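The values are calculated or read from the model by the stated rules, or taken from the named source; none is laboratory data. What you see is a predicted model, and the numbers here were worked out from it, not measured in a lab. Cβ placement follows ideal geometry from the backbone for every residue including glycine, while neighbour counts extend to all protein chains displayed. Accessible surface is based on the protein model in full, side chains and every heavy atom, while ligands, DNA and RNA are left aside. Shrake-Rupley method; radii C 1.70, N 1.55, O 1.52, S 1.80 Å.
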Amino acid sequence: MDKVEVRVFGDLKRLFDERSWPFPLFVDLPAGARAADLARELDIPLDKVEVVFVNGRVRRVDCSLAPGDRVAFVPPGTPGPYRVLLGFMDKGRGAENS
């Protein structure tokens, strides 16, 4: 298995701190894994994740991952102007469209 680099933003960082995880965290990635699978494996509640950055690009939580990816989970609540600037105004949680 190959690894992915995992980071979190906002309130999700508390999970890392509470669990004494390093930041960033490197996790083995099973073949065919999606960001939602990774969140479940790490016990990150999906209702606390609005979008995922994968290698600096905004993706939905059901996007596919590959070995070596840099993954960052972003919680809901990012203010409007930043949502537009970061590119996740229309991404939301559903099926991947990019």
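Here's how it looks for ALA33: its modeled amide H is under 5 Å from those of LEU65, which are all 5 or more places away or on a different chain.
Accessible surface calculations at 1.4 Å, restricted to protein heavy atoms, place segment 1-48 at 62 Å² per residue.
One decimal place: the segment SER20-ARG40 gains 5.4 nm when fully extended, by the rule 0.36 nm per residue minus the C-alpha distance. Once both labels are positioned 7 Å from their Cα atoms along Cα-to-Cβ, the gap between ASP47 and VAL84 label points is 3.1 nm. Would you please classify the overall shape of segment 1-88 from the alpha carbon gyration tensor, given that a ≥ b ≥ c denote the square roots of the eigenvalues, rounded means a/c under 1.5, and beyond that prolate means a/b larger than b/c while oblate covers the rest? It is oblate, given that a/c is not under 1.5 and a/b is not larger than b/c.
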